[in-house]
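The values are calculated or read from the model by the stated rules, or taken from the named source; none is laboratory data. None of the values given here were measured: they were computed from a predicted structure. Because the Cβ atoms are built from the backbone with ideal geometry, glycine has one as well, and the counts that use them run over all protein chains shown.
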Ligand SMILES: [Ca+2]
């Protein structure tokens, strides 16, 4: 004698035997007429609010009999327990399973192309005497490599150590070994497998790490110091172009391309650097002359000579922008070479505001001091009246 009914109340004369969910129509209950009563009285109080797992979320907010809730965990956490519960319609309102937990485990293995890896118990302290292995592997997209960004990092310096390997550890391609509380810079793999090993010792633990990973093709080629980059492509065939700031010379090719060879990705050729050259010939209406490696010291092993040669209608004017104290000397000649008349030898203590040539050429020569010296100056080429 199935009786279908709707609404919140069960008919007074009836008792519940069982309730079940039916297709589309909601609940259908089997009732027993009062004169056949053997069973506990049905009541329609809902299940209790089961809560929401820490580091997780819940879909569903109805707690009545037959209502279903589903749970999931934030990225990096594994759901422990039932991901789906139903409010049972027996004599007592209970969920079919207890609230699940979201746990950050010691180690993980994933084939996702993006996600988060967490140290065990994160953000609570990890445990002592643990070795946790995390493996990220893409089997389908062989052409991919990984980019890893640290969202958080705090381990006991020198004792609780994170190692990141390109490929499996037995390949011995260590990308990074880190400990301490400074958030490391991002890491880029060259392979489609990355292994992360986290070893803790017997004593002192911290909150550990959260690492976000995603697939990339070529790694970030960076921006050269004292230069700029045009282009953000990282896929095979993408090209980016580099340019150096004034006074710097590009060493390498200005244009590099992301190349794929089997499952490896790399830039060809390597990204260039911008250096201030040791000597050279300058021309044009204005420019910089910088000591090699400016603004950093340069270990001196050879003389650096610069010659400025401009249109014959012009003379040259120099102004210092910076010169290192104890810089030995910078010799400046009024002409094309060091046989020309010496305008002066300059040190930081006696810098003129500007130096002018009497003709359209000027020669500059560093005095080789044999120590790390660095000097810098700026040159403007001005018109002769
Ligand atoms: Ca420790």
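Below are the figures for this structure:
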{"item": "Those strands (runs of 3 or more DSSP E) lying entirely in the stretch 178-276 with at least 1 residues away from the ligand (no atom under 16 Å from the Cβ) and closer than 19 Å to residue 164 by Cβ", "result": "193-199, 208-216, 264-268"}
{"item": "Residue in the stretch 95-105 that is more than 23 Å from residue 50 (Cα to Cα) and either away from the ligand (no atom under 16 Å from the Cβ) or in contact with a helix residue (DSSP H, G or I) (Cβ under 9 Å, 6 or more places away or on another chain) (or both) present", "result": "yes"}
{"item": "Qualifying residues in the stretch 39-56 (those that are at pLDDT 90 or above and touching a strand residue (DSSP E or B) at 6+ places or on another chain (Cβ under 6 Å)) - the one surrounded by the fewest Cβ atoms within 10 Å (Cβ to Cβ)", "result": "52"}
{"item": "Condition met for residue 385 (loosely packed, with under 14 Cβ neighbours inside 10 Å, modelled with pLDDT of 75 or more and not in a strand (DSSP E or B))", "result": "no"}
{"item": "Per-region count, the stretch 67-88, residues surrounded by 17 or more Cβ atoms within 10 Å (Cβ to Cβ), in contact (Cβ under 8 Å) with a residue 40 or more places away in the chain and part of a loop (DSSP other than H, G, I, E, B)", "result": "2"}
{"item": "Residue ranges of strands (runs of 3 or more DSSP E) in the stretch 89-141 with at least 1 members farther than 16 Å from residue 213 by Cβ", "result": "93-95, 101-103, 131-137"}
{"item": "Residue count, the stretch 156-177 (criterion: exposed (fewer than 15 other Cβ atoms within 10 Å of the Cβ) and within 15 Å of the ligand (Cβ to nearest atom))", "result": "2"}
{"item": "Residue match in the stretch 119-128 (condition: under 29 Å from residue 233 (Cα atoms), within 16 Å of the ligand (Cβ to nearest atom), surrounded by fewer than 18 Cβ atoms within 10 Å (Cβ to Cβ) and outside the structural domain of residue 237 (by TED's automatic domain parsing))", "result": "no"}
{"item": "Residue check, residue 288 within 16 Å of the ligand (Cβ to nearest atom) and not in a loop (DSSP other than H, G, I, E, B)", "result": "no"}
{"item": "Sole exception among (1) exposed (fewer than 15 other Cβ atoms within 10 Å of the Cβ); (2) assigned to a strand (DSSP E or B) for residue 62, by number", "result": "(2)"}
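Here is a yes/no grid of residues against (1) closer than 26 Å to residue 110 by Cβ; (2) not assigned by TED's automatic domain parsing to the domain that holds residue 120:
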position: 194; (1), (2): yes, no
position: 205; (1), (2): yes, no
position: 210; (1), (2): yes, no
position: 235; (1), (2): yes, yes
position: 243; (1), (2): no, yes
position: 249; (1), (2): no, yes
position: 254; (1), (2): no, yes
position: 261; (1), (2): yes, yes
position: 271; (1), (2): no, yes
